[in-house]
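Take a look at the structure set out below.
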Amino acid sequence: MKKLAIALMVILALPLVFVPAATADTFFPMRPGDVYTFSVSNQAAKGEFTVNSPVRSIANGKSYHVLVLFNPTGPHEEVSLLRSVGNEVFRYDGDGVETRMLMEGPAGISWDQKRRDGRTVRTTIEAIETVTVPAGKYTGCLKFREEQVRPQQKLYMRTWVKPGFGIVKAANYDCPGCTLANPQILELISHNSGGFVHPPKPDMKSLNR
């Protein structure tokens, strides 16, 4: 989890083909051309993620939206793949494997997942809160906590998601120089819909890290 919230997602090995856009999800909508711009604490530059055209994994036959993530702390650009199904959001990890990232639900629910490297990561909905950021005031935001629970305890990130809209704020505890008392804070500055999709296709080499 080195970058923008839902930065958060490094692709390992992806044999992919491009497919037409899918119907927008109501919990976590991803529309090609959507651009979310964030302030990044202790950085003059802004963070940003852009929703690009969807692709299909040959390994599991499922379609994923391509997100191009930019963070001024670097490395500056990262490509991630997400899939929304009902009230759940999945990240593609490569070789047909995906991880549930987010899920709409009441405060207090959590789920554990074993990652490909053997770590066990727990995601919890800590609370439902009102969040004020430069882009405005958002009510009913789900506050997610992501933490490693095995082999040792380690807090990765907190993310605030407005259902039907997307991420409005994040606190990254797992970046260089970050601590529990001094995480990197990202706050939504603006959101634009229907903009130019750039790049129209991701650099496929970046999907094979």
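The values are calculated or read from the model by the stated rules, or taken from the named source; none is laboratory data. None of these values were measured; they are calculated from a predicted model. Methodologically, a virtual Cβ is constructed for each residue, glycine included, from the backbone with ideal geometry; neighbour enumeration extends over all protein chains shown.
Of the residues that sit in the range 159-182 and are of a type in the set (A, V, I, L, M, F, W, C) and part of a loop (DSSP other than H, G, I, E, B), which one is surrounded by the fewest Cβ atoms within 10 Å (Cβ to Cβ)? Let's see the steps before the verdict.
Kept after step one, since they are of a type in the set (A, V, I, L, M, F, W, C), are these residues of the range 159-182: 160-161, 165, 167-168, 170-171, 175, 178, 180-181.
Next, from what is left, pick out any that are part of a loop (DSSP other than H, G, I, E, B): 165, 175, 178, 180-181.
On the way: 165: 16, 175: 17, 178: 19, 180: 8, 181: 6.
Ranking the qualifying residues of the range 159-182, first place goes to 181.
When only residues in the range 109-132 that are of a type outside the set (A, V, I, L, M, F, W, C) and closer than 14 Å to residue 157 by Cα count, which is farthest from the chain's Cα centre (by Cα)? Break it down stepwise before answering.
Initial filter on the range 109-132 (of a type outside the set (A, V, I, L, M, F, W, C)): 110, 112-120, 122-124, 126, 129-130, 132.
If we keep only those that are closer than 14 Å to residue 157 by Cα as well, we get 122-124, 126.
Details: 122: 16, 123: 13, 124: 15, 126: 18 Å.
Looking at the filtered set, the residue picked out is 126.
Of all residues in the range 11-60, count the ones that are modelled with pLDDT under 70, part of a loop (DSSP other than H, G, I, E, B) and surrounded by 17 or more Cβ atoms within 10 Å (Cβ to Cβ).
3
Limited to the range 145-154, what total is found for residues that are in a strand (DSSP E or B) and not hydrophobic (A, V, I, L, M, F, W, C)? Steps first, please.
Here is the first cut: in the range 145-154, the residues in a strand (DSSP E or B) are 145-150, 154.
Next, from what is left, pick out any that are not hydrophobic (A, V, I, L, M, F, W, C): 145-148, 150, 154.
Final tally of qualifying residues: 6.
Answer yes if at least one residue in the range 132-154 is surrounded by 12 or more Cβ atoms within 10 Å (Cβ to Cβ), aromatic (Phe, Trp, Tyr), closer than 23 Å to residue 191 by Cβ and touching a residue at least 24 places away in the same chain (Cβ under 8 Å), and no otherwise.
Yes, some residue in the range 132-154 is surrounded by 12 or more Cβ atoms within 10 Å (Cβ to Cβ), aromatic (Phe, Trp, Tyr), closer than 23 Å to residue 191 by Cβ and touching a residue at least 24 places away in the same chain (Cβ under 8 Å).
One line per residue, one yes/no per condition, for (1) hydrophobic (A, V, I, L, M, F, W, C); (2) within 21 Å of residue 65 (Cβ to Cβ); (3) assigned to a strand (DSSP E or B):
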position: 101; (1), (2), (3): yes, yes, yes
position: 108; (1), (2), (3): no, no, no
position: 127; (1), (2), (3): yes, no, yes
position: 137; (1), (2), (3): no, no, yes
position: 143; (1), (2), (3): no, no, yes
position: 157; (1), (2), (3): yes, yes, yes
